[in-house]
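One structure is given here, and the rest of the page talks about it.
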Amino acid sequence: MTDFHPDDMQVGTGDRFAFQKRHGIVGKSVEIREVVDTIMQVAPTDITVLITGESGTGKEVIAKAIHKASRRATRKFIPVNCGAIPEGILESELFGHEKGSFTGAVESRKGYFELADGGTVFLDEIGDTPISTQVKLLRVLESGEFMRVGSSEPRRVNVRILAATNKNLEEEVRSKRFRQDLFFRLRSVNMRIPPLRNRRGDIPLLVEIFNAEQPPERERLLITEDGMAALMRHSWPGNVRELRNVIESISVLEQGSVVDERVVAKYLHVDDGGEDDRMLPIALGKSSEQAERELIFRMLVDLKGDIAALHRMIEHLDIQKPLSLPPADPSPEPRIDISDKTLQEVEEALIAQALERYHGNRRLAADALDISERTLYRKIKDYGL
């Protein structure tokens, strides 16, 4: 299934609001209207688009909208976080490798570009790509050709490339950290996504949508005028992502309460000087009871995420309550009751099992576990796998 709609193929026609609704782009501000108009113009083409903007502004949402409104909508959209993949294996992940090309390459496999043939590759955080890989990306952009790691045979794909970064690539070019020729090739169209502080008029609509997205067992938030005014005054350094998290926090901890300016202030983490202190573990200027309550909530949110990820792992690996580990000999598989293990021990075992099942292929293991590759890399490092 896809969100493709025939009207999306007609540049300059159709209803912009309907387009935004189909593709999950929220906002009525002039800035967002300009972004949507640009999407409608570039989507039907195969032109490369560079999406720039601060972290949390929704660059991947824009990339998905471009893909879903294009002629490639029925083919794959593969997002790649270039900053999350270690430099030593990024090239293999992008272009694939041949069997025996490096330690652990027990079989040949396709990279993201081959998997996305006919579709779209979204290179997120492309500013973090090492120079050696940038050379190969330039070749793909210019000719559609690449070579797998360990191979001298050129391969050709028909892939549209969208890229995004929160860095100033012009400054990266001047600092010799990013190739000038790749920069010029990427920015055929440069879409700048405005930070939330530059489109404060969209905040009430975003709050309404995030409020409606909360689980049905939670009461909808009743936000007063002064509460909404406080939300609109905030600088939102984390942009839309930060706003979503604040609304979720208030929804969990303030059920049944009227959300006024006083309530909102507890979650915005602003000190008396008006500067954000989000880097601190607990916001300043709060009572010990408030600080403890907030700390507990953060711990619960983290635990909730870990448990949800663990449940997804179990479902995707077809493991019920007993955890079956690969046997070391022909004897019957040992079965370990999950109740006898800590969350970390179960998680480590599931990850190890997935890695063994897919012969060390981290991309396939992450897909099987239903977690991001970035999370898998972090877990492998944490558990020393």
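The values are calculated or read from the model by the stated rules, or taken from the named source; none is laboratory data. In this text the structure is predicted, and so the values were computed from the model without any measurement. FYI the Cβ positions are ideal-geometry reconstructions off the backbone, even for glycines, and counts take in every protein chain you see.
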For Lys136, are the conditions met, namely being in a helix (DSSP H, G or I), under 29 Å from Asp202 (Cβ atoms) and not assigned by TED's automatic domain parsing to the domain that holds Asn245? no
Test Gly111 against the stated conditions and say whether it is at pLDDT below 95, at positive phi and assigned by TED's automatic domain parsing to the domain that holds Thr52. no
For Asp181, only one of the following conditions fails: (1) surrounded by fewer than 16 Cβ atoms within 10 Å (Cβ to Cβ); (2) out of contact with any Lys or Arg (no Cβ under 9 Å at 6 or more places or on another chain); (3) over 20 Å from Ile51 (Cβ atoms); (4) free of Cβ contacts under 8 Å to residues at least 60 places away in the same chain. What is its number? (3)
Close pairs from the range 22-42: first surrounded by fewer than 21 Cβ atoms within 10 Å (Cβ to Cβ), partner acidic (Asp, Glu) and in a loop (DSSP other than H, G, I, E, B), Cβ under 9 Å, at least 6 apart: Arg22/Asp3; Gly24/Asp3
Quick check on Val49: is it β-branched (Val, Ile, Thr), within 30 Å of Leu243 (Cα to Cα), out of contact with any Phe, Trp or Tyr (no Cβ under 9 Å at 6 or more places or on another chain) and in the same structural domain as Leu186 (by TED's automatic domain parsing)? yes
Select, from Asn190, Asn158, Asn211, Asn198, the only residue that is among the polar types (S, T, N, Q), within 24 Å of Ala84 (Cα to Cα) and in contact (Cβ under 8 Å) with a residue 24 or more places away in the chain. Asn190
Residue in the range 86-93 that is assigned to a loop (DSSP other than H, G, I, E, B), crowded, with 20+ Cβ neighbours inside 10 Å and at pLDDT below 95 present: no
Just checking, does the range 223-235 include any residue being in a helix (DSSP H, G or I), surrounded by 15 or more Cβ atoms within 10 Å (Cβ to Cβ), touching a residue at least 40 places away in the same chain (Cβ under 8 Å) and of a type outside the set (D, E, K, R)? no
